[in-house]
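The values are calculated or read from the model by the stated rules, or taken from the named source; none is laboratory data. Bear in mind the structure is a predicted one, so any value in this text is a computation, not a measurement. Positions of Cβ are backbone-derived with ideal geometry, glycine not excepted, and every protein chain shown enters the neighbour counts. Side chains are part of the model used for accessible areas, which takes the heavy atoms of the whole protein and leaves out ligands, DNA and RNA. Shrake-Rupley method; radii C 1.70, N 1.55, O 1.52, S 1.80 Å.
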Amino acid sequence: MSDQGEAVVAAVAAVADRLEAERSYLTDLDSAIGDADHGGNMARGWAAAAEAVADMADPEPGDVVKTAGKTLLSEVGGASGPLYGGSLVFASPELADGLTAETAVAFAETYLEKVQDRGDARIGDKTMVDALVPAVHTFKKSVEVDEMTPVEGLSKAVAAAERGVDFTVPIRASKGRASYLGWRSVGHQDPGATSTLYIMEELLGVARERLDVTEPLPDDAESPTVPDGEVTED
Amino acid sequence: MVGLVVVSHSATAAEGIAEVAGEMGGDTRIEPVGGDGQGGFGTVADGIEDALDEADSGDGVVVLVDLGSAVMNAEVAIETSDVKAVIADAPVLEGAVNAAVAATSSKATVESVREQAEAARGVEKL
(Lines give C-alpha, C1' and ligand atoms only; values in the text may rest on other atoms or scores of the structure.)
Protein backbone atom coordinates (compact mmCIF):
# COMPACT_ATOMS: atom_id res chain seq x y z
CA MET A 1 0.00 0.00 0.00
CA SER A 2 1.37 3.41 -0.86
CA ASP A 3 1.91 5.85 2.02
CA GLN A 4 -0.54 8.19 0.41
CA GLY A 5 -3.13 5.47 -0.10
CA GLU A 6 -2.70 4.49 3.53
CA ALA A 7 -3.14 8.10 4.61
CA VAL A 8 -6.38 8.43 2.65
CA VAL A 9 -7.68 5.18 4.19
CA ALA A 10 -6.80 6.64 7.61
CA ALA A 11 -8.62 9.86 6.69
CA VAL A 12 -11.81 7.98 5.80
CA ALA A 13 -11.59 6.15 9.14
CA ALA A 14 -11.04 9.43 11.00
CA VAL A 15 -14.07 10.99 9.29
CA ALA A 16 -16.15 7.93 10.18
CA ASP A 17 -15.13 8.18 13.85
CA ARG A 18 -15.84 11.89 13.96
CA LEU A 19 -19.27 11.60 12.35
CA GLU A 20 -20.16 8.80 14.73
CA ALA A 21 -19.14 11.08 17.62
CA GLU A 22 -21.19 13.96 16.18
CA ARG A 23 -24.17 11.78 15.21
CA SER A 24 -26.60 13.19 17.77
CA TYR A 25 -25.45 16.77 17.35
CA LEU A 26 -25.93 16.62 13.57
CA THR A 27 -29.31 14.98 14.08
CA ASP A 28 -30.31 17.76 16.50
CA LEU A 29 -29.33 20.37 13.92
CA ASP A 30 -31.27 18.51 11.25
CA SER A 31 -34.34 18.02 13.43
CA ALA A 32 -34.60 21.81 13.79
CA ILE A 33 -34.82 22.49 10.05
CA GLY A 34 -34.85 19.13 8.25
CA ASP A 35 -35.93 15.53 8.62
CA ALA A 36 -33.56 14.60 11.46
CA ASP A 37 -31.67 11.96 9.52
CA HIS A 38 -28.36 13.68 8.74
CA GLY A 39 -26.43 12.42 11.79
CA GLY A 40 -27.55 8.83 11.39
CA ASN A 41 -27.15 8.78 7.62
CA MET A 42 -23.66 10.24 7.67
CA ALA A 43 -22.44 8.08 10.55
CA ARG A 44 -23.80 4.92 8.94
CA GLY A 45 -22.51 5.78 5.46
CA TRP A 46 -19.00 6.72 6.54
CA ALA A 47 -18.71 3.68 8.82
CA ALA A 48 -19.52 1.52 5.77
CA ALA A 49 -17.04 3.53 3.68
CA ALA A 50 -14.29 3.07 6.28
CA GLU A 51 -14.95 -0.66 6.26
CA ALA A 52 -14.91 -0.82 2.45
CA VAL A 53 -11.62 1.05 2.06
CA ALA A 54 -9.95 -0.91 4.88
CA ASP A 55 -10.53 -4.06 2.81
CA MET A 56 -8.87 -2.70 -0.33
CA ALA A 57 -5.69 -4.36 -1.57
CA ASP A 58 -2.94 -1.89 -2.55
CA PRO A 59 -5.14 1.17 -2.64
CA GLU A 60 -4.04 4.40 -4.27
CA PRO A 61 -5.55 7.73 -3.19
CA GLY A 62 -7.94 8.04 -6.16
CA ASP A 63 -9.20 4.46 -5.76
CA VAL A 64 -9.77 4.90 -2.04
CA VAL A 65 -11.77 8.08 -2.61
CA LYS A 66 -13.79 6.43 -5.37
CA THR A 67 -14.60 3.39 -3.23
CA ALA A 68 -15.57 5.59 -0.29
CA GLY A 69 -17.81 7.68 -2.55
CA LYS A 70 -19.52 4.66 -4.09
CA THR A 71 -20.18 3.24 -0.64
CA LEU A 72 -21.68 6.54 0.54
CA LEU A 73 -23.84 6.63 -2.55
CA SER A 74 -25.39 3.26 -1.78
CA GLU A 75 -25.49 3.56 2.02
CA VAL A 76 -26.30 7.16 2.89
CA GLY A 77 -29.50 7.74 0.95
CA GLY A 78 -31.27 11.08 1.00
CA ALA A 79 -29.59 14.01 -0.66
CA SER A 80 -26.33 13.39 1.20
CA GLY A 81 -25.62 10.23 -0.81
CA PRO A 82 -25.37 11.95 -4.19
CA LEU A 83 -23.92 15.18 -2.77
CA TYR A 84 -21.13 13.72 -0.63
CA GLY A 85 -20.66 10.29 -2.23
CA GLY A 86 -21.47 11.07 -5.86
CA SER A 87 -19.18 14.10 -5.80
CA LEU A 88 -16.30 12.07 -4.34
CA VAL A 89 -16.71 9.50 -7.12
CA PHE A 90 -16.84 12.24 -9.75
CA ALA A 91 -13.75 14.04 -8.44
CA SER A 92 -11.69 10.92 -7.68
CA PRO A 93 -9.97 10.74 -11.12
CA GLU A 94 -8.23 14.03 -10.26
CA LEU A 95 -6.11 12.02 -7.81
CA ALA A 96 -5.07 9.43 -10.41
CA ASP A 97 -1.47 10.65 -10.19
CA GLY A 98 -1.45 10.71 -6.41
CA LEU A 99 -1.72 13.61 -3.98
CA THR A 100 0.19 16.74 -4.89
CA ALA A 101 -0.54 20.42 -4.44
CA GLU A 102 -1.95 20.50 -7.96
CA THR A 103 -4.07 17.37 -7.78
CA ALA A 104 -5.42 18.38 -4.37
CA VAL A 105 -6.59 21.73 -5.74
CA ALA A 106 -8.05 20.08 -8.84
CA PHE A 107 -9.83 17.52 -6.67
CA ALA A 108 -11.32 20.18 -4.39
CA GLU A 109 -12.53 22.26 -7.33
CA THR A 110 -14.09 19.29 -9.14
CA TYR A 111 -15.80 18.15 -5.94
CA LEU A 112 -17.27 21.62 -5.40
CA GLU A 113 -18.35 21.86 -9.03
CA LYS A 114 -20.25 18.57 -8.77
CA VAL A 115 -21.91 19.50 -5.47
CA GLN A 116 -23.12 22.79 -6.94
CA ASP A 117 -24.18 21.21 -10.18
CA ARG A 118 -26.11 18.42 -8.47
CA GLY A 119 -27.67 20.45 -5.69
CA ASP A 120 -28.09 23.65 -7.67
CA ALA A 121 -27.28 25.66 -4.54
CA ARG A 122 -25.37 28.92 -4.23
CA ILE A 123 -23.77 30.79 -1.37
CA GLY A 124 -26.50 32.06 0.93
CA ASP A 125 -28.97 29.24 0.31
CA LYS A 126 -28.09 27.80 3.75
CA THR A 127 -26.53 24.53 2.58
CA MET A 128 -23.18 22.73 2.62
CA VAL A 129 -22.17 25.07 -0.21
CA ASP A 130 -21.85 27.92 2.31
CA ALA A 131 -18.95 26.07 3.95
CA LEU A 132 -17.56 24.46 0.81
CA VAL A 133 -17.23 27.46 -1.50
CA PRO A 134 -15.10 29.62 0.82
CA ALA A 135 -13.08 26.55 1.81
CA VAL A 136 -12.24 25.51 -1.75
CA HIS A 137 -11.54 29.05 -2.91
CA THR A 138 -9.32 29.69 0.11
CA PHE A 139 -7.45 26.42 -0.47
CA LYS A 140 -6.82 27.26 -4.11
CA LYS A 141 -5.68 30.79 -3.35
CA SER A 142 -3.47 29.71 -0.43
CA VAL A 143 -1.67 27.11 -2.55
CA GLU A 144 -1.53 28.86 -5.90
CA VAL A 145 -1.23 32.55 -4.99
CA ASP A 146 0.15 32.64 -1.45
CA GLU A 147 2.40 29.63 -2.18
CA MET A 148 1.56 27.83 1.04
CA THR A 149 2.03 24.10 1.40
CA PRO A 150 -1.16 22.10 0.79
CA VAL A 151 -1.41 21.31 4.50
CA GLU A 152 -1.16 25.00 5.42
CA GLY A 153 -3.67 25.77 2.70
CA LEU A 154 -6.02 23.13 4.10
CA SER A 155 -5.72 24.71 7.52
CA LYS A 156 -6.77 28.09 6.04
CA ALA A 157 -9.59 26.33 4.22
CA VAL A 158 -10.88 24.79 7.46
CA ALA A 159 -10.97 28.25 9.04
CA ALA A 160 -12.90 29.54 6.02
CA ALA A 161 -15.36 26.63 6.27
CA GLU A 162 -15.88 27.43 9.94
CA ARG A 163 -16.84 30.99 9.08
CA GLY A 164 -19.12 29.58 6.39
CA VAL A 165 -20.89 27.40 8.96
CA ASP A 166 -21.44 30.44 11.21
CA PHE A 167 -22.81 32.31 8.21
CA THR A 168 -25.57 29.69 7.80
CA VAL A 169 -27.09 30.51 11.22
CA PRO A 170 -28.77 33.87 10.58
CA ILE A 171 -29.89 33.27 7.00
CA ARG A 172 -33.09 31.86 5.56
CA ALA A 173 -32.90 28.55 3.69
CA SER A 174 -33.81 28.55 0.03
CA LYS A 175 -32.68 25.03 -0.93
CA GLY A 176 -33.30 21.62 0.49
CA ARG A 177 -35.82 20.49 3.07
CA ALA A 178 -35.20 23.55 5.25
CA SER A 179 -36.53 25.82 2.51
CA TYR A 180 -40.04 24.54 3.19
CA LEU A 181 -39.81 26.23 6.59
CA GLY A 182 -39.14 29.70 5.16
CA TRP A 183 -38.36 32.19 7.92
CA ARG A 184 -38.52 29.49 10.57
CA SER A 185 -35.16 28.26 9.30
CA VAL A 186 -33.51 31.49 10.47
CA GLY A 187 -31.35 31.10 13.57
CA HIS A 188 -30.45 27.46 12.98
CA GLN A 189 -27.05 26.18 11.85
CA ASP A 190 -27.08 24.14 8.66
CA PRO A 191 -26.31 20.45 9.27
CA GLY A 192 -24.72 19.90 5.84
CA ALA A 193 -22.34 22.84 6.23
CA THR A 194 -21.49 21.50 9.69
CA SER A 195 -20.71 17.95 8.57
CA THR A 196 -18.66 19.37 5.69
CA LEU A 197 -16.57 21.28 8.24
CA TYR A 198 -16.11 18.13 10.37
CA ILE A 199 -14.94 16.16 7.33
CA MET A 200 -12.42 18.86 6.45
CA GLU A 201 -11.15 19.07 10.05
CA GLU A 202 -10.46 15.34 10.02
CA LEU A 203 -8.73 15.54 6.62
CA LEU A 204 -6.52 18.28 8.04
CA GLY A 205 -5.73 16.24 11.17
CA VAL A 206 -4.68 13.21 9.14
CA ALA A 207 -2.81 15.30 6.55
CA ARG A 208 -0.81 16.99 9.33
CA GLU A 209 0.14 13.66 10.83
CA ARG A 210 0.72 11.49 7.82
CA LEU A 211 1.20 13.35 4.60
CA ASP A 212 4.48 14.60 3.37
CA VAL A 213 2.92 17.06 0.95
CA THR A 214 4.78 19.92 2.53
CA GLU A 215 6.28 21.49 -0.55
CA PRO A 216 4.60 24.45 -2.19
CA LEU A 217 4.06 24.33 -5.95
CA PRO A 218 7.38 23.93 -7.76
CA ASP A 219 8.68 27.01 -9.56
CA ASP A 220 8.39 25.34 -12.92
CA ALA A 221 4.72 24.55 -12.41
CA GLU A 222 2.27 26.29 -14.66
CA SER A 223 1.53 29.74 -13.38
CA PRO A 224 -1.54 29.68 -11.18
CA THR A 225 -4.77 30.46 -12.87
CA VAL A 226 -7.17 32.29 -10.66
CA PRO A 227 -10.47 32.97 -12.37
CA ASP A 228 -11.56 36.59 -12.16
CA GLY A 229 -13.86 37.32 -9.30
CA GLU A 230 -13.87 33.76 -8.08
CA VAL A 231 -11.28 33.97 -5.35
CA THR A 232 -11.95 36.57 -2.73
CA GLU A 233 -9.97 37.78 0.23
CA ASP A 234 -11.23 36.30 3.43
CA MET B 1 -43.38 0.20 -24.55
CA VAL B 2 -42.14 3.09 -22.42
CA GLY B 3 -41.93 2.17 -18.74
CA LEU B 4 -42.38 4.29 -15.64
CA VAL B 5 -40.55 4.49 -12.34
CA VAL B 6 -42.18 6.23 -9.38
CA VAL B 7 -39.73 7.44 -6.75
CA SER B 8 -40.91 8.58 -3.33
CA HIS B 9 -39.30 9.02 0.08
CA SER B 10 -41.91 6.52 1.26
CA ALA B 11 -42.04 3.03 -0.27
CA THR B 12 -45.73 2.91 0.64
CA ALA B 13 -46.41 6.17 -1.16
CA ALA B 14 -44.51 4.98 -4.25
CA GLU B 15 -46.52 1.74 -4.31
CA GLY B 16 -49.80 3.59 -3.86
CA ILE B 17 -49.03 6.05 -6.63
CA ALA B 18 -48.01 3.19 -8.94
CA GLU B 19 -51.34 1.50 -8.14
CA VAL B 20 -53.37 4.60 -8.94
CA ALA B 21 -51.46 5.18 -12.19
CA GLY B 22 -51.73 1.48 -13.07
CA GLU B 23 -55.54 1.77 -13.06
CA MET B 24 -55.26 3.93 -16.17
CA GLY B 25 -52.09 2.54 -17.64
CA GLY B 26 -53.08 -0.79 -19.17
CA ASP B 27 -49.95 -2.83 -19.75
CA THR B 28 -47.57 0.00 -18.88
CA ARG B 29 -44.81 -1.23 -16.59
CA ILE B 30 -44.78 0.96 -13.49
CA GLU B 31 -42.09 0.28 -10.90
CA PRO B 32 -42.44 1.89 -7.47
CA VAL B 33 -39.28 2.53 -5.44
CA GLY B 34 -38.90 4.35 -2.14
CA GLY B 35 -37.38 4.40 1.31
CA ASP B 36 -33.77 4.50 2.41
CA GLY B 37 -33.22 0.74 2.08
CA GLN B 38 -33.00 0.45 5.89
CA GLY B 39 -36.70 0.63 6.63
CA GLY B 40 -36.79 4.43 6.90
CA PHE B 41 -37.80 7.32 4.69
CA GLY B 42 -35.49 8.45 1.92
CA THR B 43 -34.28 7.55 -1.54
CA VAL B 44 -31.22 5.59 -2.67
CA ALA B 45 -29.69 5.67 -6.14
CA ASP B 46 -29.03 1.90 -6.24
CA GLY B 47 -32.69 1.05 -5.71
CA ILE B 48 -33.74 3.46 -8.45
CA GLU B 49 -31.24 1.92 -10.86
CA ASP B 50 -32.74 -1.53 -10.22
CA ALA B 51 -36.23 -0.11 -10.81
CA LEU B 52 -35.08 1.36 -14.15
CA ASP B 53 -34.01 -2.12 -15.26
CA GLU B 54 -37.33 -3.61 -14.16
CA ALA B 55 -39.41 -0.95 -15.93
CA ASP B 56 -37.50 -0.93 -19.20
CA SER B 57 -38.65 -3.11 -22.05
CA GLY B 58 -36.30 -1.51 -24.56
CA ASP B 59 -38.10 1.77 -25.26
CA GLY B 60 -36.85 3.64 -22.22
CA VAL B 61 -38.28 4.88 -18.96
CA VAL B 62 -39.82 8.08 -17.60
CA VAL B 63 -39.10 8.71 -13.92
CA LEU B 64 -41.51 10.51 -11.61
CA VAL B 65 -40.06 11.87 -8.36
CA ASP B 66 -41.38 13.47 -5.18
CA LEU B 67 -39.04 15.81 -3.28
CA GLY B 68 -35.41 17.00 -3.11
CA SER B 69 -33.15 13.99 -2.83
CA ALA B 70 -35.43 11.91 -5.05
CA VAL B 71 -34.33 14.12 -7.94
CA MET B 72 -30.63 13.81 -7.13
CA ASN B 73 -30.74 10.06 -6.58
CA ALA B 74 -32.74 9.58 -9.77
CA GLU B 75 -30.12 11.62 -11.66
CA VAL B 76 -27.31 9.47 -10.27
CA ALA B 77 -29.22 6.27 -11.10
CA ILE B 78 -29.82 7.44 -14.69
CA GLU B 79 -26.14 8.39 -15.09
CA THR B 80 -24.98 4.96 -13.99
CA SER B 81 -27.71 2.94 -15.75
CA ASP B 82 -27.69 1.69 -19.33
CA VAL B 83 -31.41 2.32 -19.61
CA LYS B 84 -32.51 5.36 -21.58
CA ALA B 85 -34.37 7.32 -18.94
CA VAL B 86 -35.51 10.88 -18.23
CA ILE B 87 -36.97 12.61 -15.19
CA ALA B 88 -40.33 14.32 -15.64
CA ASP B 89 -40.58 17.68 -13.90
CA ALA B 90 -44.10 16.97 -12.74
CA PRO B 91 -46.18 16.40 -9.61
CA VAL B 92 -45.54 12.78 -8.80
CA LEU B 93 -49.08 11.37 -8.65
CA GLU B 94 -50.79 13.43 -11.34
CA GLY B 95 -47.71 13.09 -13.53
CA ALA B 96 -47.64 9.32 -13.09
CA VAL B 97 -51.30 9.01 -14.09
CA ASN B 98 -50.79 11.18 -17.18
CA ALA B 99 -47.61 9.33 -18.12
CA ALA B 100 -49.23 5.92 -17.68
CA VAL B 101 -52.01 6.91 -20.08
CA ALA B 102 -49.56 8.42 -22.57
CA ALA B 103 -47.44 5.26 -22.51
CA THR B 104 -50.35 3.18 -23.79
CA SER B 105 -50.23 4.97 -27.16
CA SER B 106 -48.62 2.88 -29.88
CA LYS B 107 -46.55 5.93 -30.88
CA ALA B 108 -45.36 6.70 -27.37
CA THR B 109 -41.72 7.67 -26.88
CA VAL B 110 -39.82 8.65 -23.75
CA GLU B 111 -40.19 12.27 -24.85
CA SER B 112 -43.93 12.12 -25.55
CA VAL B 113 -44.57 10.40 -22.23
CA ARG B 114 -42.48 12.93 -20.36
CA GLU B 115 -44.34 15.75 -22.07
CA GLN B 116 -47.68 14.35 -20.95
CA ALA B 117 -46.39 13.85 -17.41
CA GLU B 118 -45.24 17.46 -17.32
CA ALA B 119 -48.61 18.64 -18.64
CA ALA B 120 -49.91 17.62 -15.20
CA ARG B 121 -48.19 20.67 -13.74
CA GLY B 122 -50.98 22.84 -15.10
CA VAL B 123 -53.89 20.78 -13.80
CA GLU B 124 -56.22 22.86 -11.64
CA LYS B 125 -58.29 21.14 -9.01
CA LEU B 126 -60.76 23.89 -8.20
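Checking the condition part of a loop (DSSP other than H, G, I, E, B), surrounded by fewer than 16 Cβ atoms within 10 Å (Cβ to Cβ) and modelled with pLDDT of 95 or more, which residue from B:Ser57, B:Ser106 passes?
Exactly one residue qualifies, and that residue is B:Ser57.
With (1) in a loop (DSSP other than H, G, I, E, B); (2) open to solvent by less than 70 Å² (accessible area, probe 1.4 Å) as the list, and B:Ala51 as the residue in question, which single condition is left unmet? B:Ala51 satisfies every listed condition except (1).
Rundown of residues vs (1) at positive phi; (2) part of a loop (DSSP other than H, G, I, E, B), yes/no style:
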{"site": "A:Ser74", "(1), (2)": "no, no"}
{"site": "A:Gly81", "(1), (2)": "no, no"}
{"site": "A:Tyr84", "(1), (2)": "no, no"}
{"site": "A:Leu99", "(1), (2)": "no, yes"}
{"site": "A:Gln116", "(1), (2)": "no, no"}
{"site": "A:Gly124", "(1), (2)": "yes, yes"}
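If you check A:Asp55, A:Asp63 for being away from chain B (no Cβ under 11 Å), open to solvent by 30 Å² or more (accessible area, probe 1.4 Å) and in contact (Cβ under 8 Å) with a residue 40 or more places away in the chain, only one passes: A:Asp63. Tell me, yes or no, whether the stretch B:2-15 has at least one residue that is surrounded by fewer than 24 Cβ atoms within 10 Å (Cβ to Cβ), of a type in the set (Ser, Thr, Tyr) and away from chain A (no Cβ under 14 Å). For the stretch B:2-15, residues surrounded by fewer than 24 Cβ atoms within 10 Å (Cβ to Cβ), of a type in the set (Ser, Thr, Tyr) and away from chain A (no Cβ under 14 Å): present. The set of residues in the stretch A:94-136 being closer than 15 Å to A:Gly164 by Cα, hydrophobic (A, V, I, L, M, F, W, C) and open to solvent by less than 50 Å² (accessible area, probe 1.4 Å) consists of A:Leu112, A:Ala121, A:Met128, A:Val129, A:Ala131, A:Leu132, A:Val133, A:Ala135, A:Val136.
Reported count of residues in the stretch A:1-44, each being part of a loop (DSSP other than H, G, I, E, B) and modelled with pLDDT under 95, is 6.
From the list A:Leu95, A:Leu72, A:Leu88, A:Leu19, the one residue that fits, being within 15 Å of A:Gly192 (Cα to Cα) and more than 11 Å from every other protein chain (Cβ to nearest Cβ), is A:Leu19. Filtering the stretch B:16-29 to residues that are open to solvent by less than 30 Å² (accessible area, probe 1.4 Å) and under 11 Å from the mean Cα position of the chain (by Cα) leaves B:Ile17, B:Ala18, B:Ala21.
Every listed requirement among (1) open to solvent by less than 10 Å² (accessible area, probe 1.4 Å); (2) in a helix (DSSP H, G or I); (3) touching a Lys or Arg at 6+ places or on another chain (Cβ under 8 Å) is met by A:Ala160 save one, (3). Residues of the stretch B:60-84 that are crowded, with 20+ Cβ neighbours inside 10 Å, within 14 Å of chain A (Cβ to nearest Cβ) and among the small types (Gly, Ala, Ser): B:Gly68, B:Ser69, B:Ala70, B:Ala74, B:Ala77. The single condition among (1) modelled with pLDDT of 95 or more; (2) within 13 Å of chain A (Cβ to nearest Cβ); (3) surrounded by fewer than 22 Cβ atoms within 10 Å (Cβ to Cβ); (4) within 25 Å of A:Val115 (Cβ to Cβ) that B:Gln38 does not satisfy is (1).
Candidates are the residues of the stretch A:45-58 that are of a type in the set (A, V, I, L, M, F, W, C) and outside any loop (DSSP other than H, G, I, E, B); the one that is nearest to A:Ser80 (Cα to Cα) is A:Trp46.
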